[in-house]
Amino acid sequence: MQIDGGCHCGAITFRAEVDPDDVLVCHCTDCQALSGSAFRVVAFTAEDGFEFLIGTPKIYVKTADSGNKREQSFCADCGSPFYSADVGDGPKRYGVRIGTVRQRAELAPKKQYYCGSELAWADDIAGLPRVG
């Protein structure tokens, strides 16, 4: 599926080819901290399936507790995240951050990861009062 998107301030735009059946929710504490939310939703693409159209992101390399390193790309102006990927040589698989994708409503998650870090209330919001 062809997708496109960009950051909140409009300084950076991108397009990518993703598999809509390969979309997940990640509850790890890194995703919570890096997204500023309870979890992150991610769609995957090969490195050659992703391209920036306007602008260049800033890259931050996060070292996980396991020692694995992941590059995190984001807009240096507004902070919108674009993808994460392994560091180093070889083909990369990008985890595209759904919040910056224009077609995000079409990319429903198919699985959840790192559920041991899930916030206890994350699955229990359906009964909350709704506004708007």
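Annotations for the structure displayed:
- Among the conditions (1) within 13 Å of the chain's Cα centre (by Cα); (2) touching a residue at least 24 places away in the same chain (Cβ under 8 Å); (3) under 21 Å from HIS8 (Cβ atoms), VAL25 misses just one, which is (3).
- Qualifying residue in the range 76-84 (condition: loosely packed, with under 15 Cβ neighbours inside 10 Å and within 14 Å of SER35 (Cα to Cα)): yes
- Residues that are aromatic (Phe, Trp, Tyr) and more than 25 Å from CYS9 (Cβ to Cβ) do occur in the range 115-132, at least one of them.
- Among the conditions (1) more than 15 Å from PHE14 (Cβ to Cβ); (2) surrounded by 12 or more Cβ atoms within 10 Å (Cβ to Cβ); (3) among the charged types (D, E, K, R), ASP89 misses just one, which is (2).
- Qualifying residues in the range 94-132 (those that are in contact with a helix residue (DSSP H, G or I) (Cβ under 7 Å, 6 or more places away or on another chain) and not in a helix (DSSP H, G or I)) - the one surrounded by the fewest Cβ atoms within 10 Å (Cβ to Cβ): LEU107
- Filter pass, THR56 being out of contact with any Pro (no Cβ under 9 Å at 6 or more places or on another chain), touching a residue at least 40 places away in the same chain (Cβ under 8 Å), in a strand (DSSP E or B) and of a type in the set (Val, Ile, Thr): no
Table: residues versus (1) buried (at least 17 other Cβ atoms within 10 Å of the Cβ); (2) of a type in the set (Asp, Glu).
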| position | (1), (2) |
| --- | --- |
| VAL42 | yes, no |
| GLU47 | no, yes |
| THR56 | no, no |
| TYR60 | no, no |
| SER73 | yes, no |
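- Figure legend. Inter-residue proximity from the range 102-126: first residues in contact (Cβ under 8 Å) with a residue 60 or more places away in the chain and β-branched (Val, Ile, Thr), second residues surrounded by 14 or more Cβ atoms within 10 Å (Cβ to Cβ) and assigned to a loop (DSSP other than H, G, I, E, B), beta-carbon distance below 6 Å, spacing 6+ or different chains. No pairs are indicated.
- Reported count of residues in the range 1-37, each being out of contact with any Asp or Glu (no Cβ under 8 Å at 6 or more places or on another chain), surrounded by fewer than 18 Cβ atoms within 10 Å (Cβ to Cβ) and in a loop (DSSP other than H, G, I, E, B), is 7.
- Any chance PHE44 is over 29 Å from CYS115 (Cβ atoms) and assigned to a strand (DSSP E or B): no
- For LYS110: the one exception among (1) closer than 26 Å to GLN2 by Cβ; (2) among the basic types (Lys, Arg); (3) at pLDDT below 95: (3)
The values are calculated or read from the model by the stated rules, or taken from the named source; none is laboratory data. All of these numbers come straight from a predicted model, not from anything done at the bench. All Cβ positions, even for glycine, are placed from backbone atoms using ideal geometry, and neighbour counts span all protein chains on display.
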